[in-house]
Amino acid sequence: MKRIGFVVVFCLGWHHADASNRQWYNLTIDGKRVGYAWHDSNQQADSEVTRVDIQQLRERVSTETRVEVIRNRAGLPQRINVESAIGGNRNRWQGAFSADGQTVEVGAQGFAVSRDLVLPDRLSEALKPLWQHTRQAVEFPYFEPTAGQPVRMRAELLPSPDTVVRIRTSATFGGAIHNEVLWIGVDGRVLHREDKFYGATLVWEPCLRDCNARVNVPFDVISKLVVQSPFRIPKDAFDGPIRYVLSRIDGSTPHIPATGEQAVAMEGATAVLTVCATCGVAEPLTETDRQRYLQPNAWVQSDLPQIKSFANRYGQGRSQKEIMDNLVTAVQAHMTGAVDYLGYGSAADALRTRSGDCTEFAVLLAALARARDIPTRVAYGLVYADRFSGKKEVFSPHAWVQVWTGDRWQSYDAGIGQFDATHLALSLGNGDPRDVQTGFSDPTELRIEKLGRVR
């Protein structure tokens, strides 16, 4: 599955300078330089760019995230622009604020926002009570760029040396908590930052010279994304049921959805999953969900003529199962191009380029199924397979689809070939990459403590 990689983007706004005097940062992981970032700010615009060089499947590519906040002369927000690029794949969106700043439209979705909503360019002001030692903790609504929506953020002081203030911020949405640690000088200047990047800790430190120099050794991202299996799973166990005991590395409670194929029981801070074709309790389908999972969106473009033509040509059958089996076979035969483990391409991109990993397989299959009037959602999670990650005897991030059969959701996996009991669903969505952020139990934070067959 192509991962977006959660990076909380903080356009902190302490340095008000033009591009000739922008603030540069060196970015390191495990003490090794992997990229750079820069930040510009003036009265009406605030921009931050982050660039990291990575290695995926023996190929070197660059990831870049750009966040820009535009305000009017009165200081009210007008737009927030977010663009991410991984290799040749680019995703972008824009949030447009109403004249009074009380609503924001992100694509076709609208949000009512409160007057105390904090945007990335004004985060420094929201944190000022902490680095001035007038408060121990603050909490406020924050517009999270990677989620494309307002979230709840909490910031608290951590034990600190005399010369700096350490602040931990926690952005909460979709049941997940994402933390960043800031080291701030007594004058409010950011001296050090730590946040998550594809399961690793990305460290920011101010840079004075050669800040955008070439990275010598790119970051091996896939090694951080996989989750170790307690032991090798034999092929004859794949039909299931298989029971898993999962916990989070940070000790918090994992949030994992129950489906008709996945029963979930919580035991303190651990989740017990039992997975097979019929292990869970069948979910109802509301009319709202029916419409949501039939409609096209920017990534699952089931209304495009080329998608409809492909679906009608290859999606023939006397039953829904036969239609889906034929579509799975057609997607597998079509997707013969290069594997690109990162980024997030659309169904139209996949159909045109014939390239991608499990994410492109999933969004293309979802678009084809919706074009045949079958409600379809996308599952994000883990699978015990090396088809896209190249890693043996591990659980790799993965995406597949679930279609509504009339009385339950059933999984189809064009990337691996078929659903089995090693598929662990961590999030369910509409195919929009922001679904991965807003509902995802980050696999890099998960630990599979135990697993075994259920006799």
Residue order, fewest to most beta carbons within 10 Å, for 359, 134, 259: 134, 259, 359
Would you list the membrane-span-like helices of the chain, meaning whole DSSP H runs whose alpha-carbon atoms span at least 20 Å along their axis and whose mean Kyte-Doolittle value is at least -0.5? 320-334
Run lengths n ≥ 4 of DSSP H only: what is the helix-derived mean residue ellipticity at 222 nm for the chain, with -39500 (n - 2.57) per run over all residues, to the nearest 500? -4500 deg cm²/dmol
For region 80-160, listing trypsin sites (Lys or Arg not before Pro) in a DSSP loop whose Cβ sees at most 14 other Cβ atoms within 10 Å gives 115, 135
Filtered chymotrypsin sites (Phe, Trp or Tyr not before Pro), region 206-289: DSSP coil and at most 16 other beta carbons within 10 Å: 231
Any trypsin sites (Lys or Arg not before Pro) in region 182-229 that lie in a DSSP loop and have at most 10 other Cβ atoms within 10 Å would be 209, 214
Computed lengthening from residue 449 to residue 116, 0.36 nm per intervening residue step minus Cα-Cα distance: 115.7 nm
Could you tell me how far the Cα centroid of region 77-130 sits from the Cα centroid of region 213-247, in Å? 34 Å
Just want to confirm a number: the relative contact order over region 301-367, from Cα pairs under 8 angstrom separated by 6+ residues, in percent. 31 percent
Rounded to the nearest 0.05, what FRET efficiency do residue 168 and residue 309 give with R0 = 56 Å and r taken as the Cβ-Cβ distance? Could you check? 0.60
What is the extension gain from residue 30 to residue 252, computed as 0.36 nm multiplied by their sequence separation minus the C-alpha to C-alpha distance, in nm to one decimal? 77.5 nm
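FYI, it's all coordinate maths here, none of it is from the lab. Keep in mind the model is a prediction, meaning the values are calculated, not measured. Don't worry about glycine lacking a Cβ; one is built from the backbone with ideal geometry, like all the others, and counts go over all protein chains shown.
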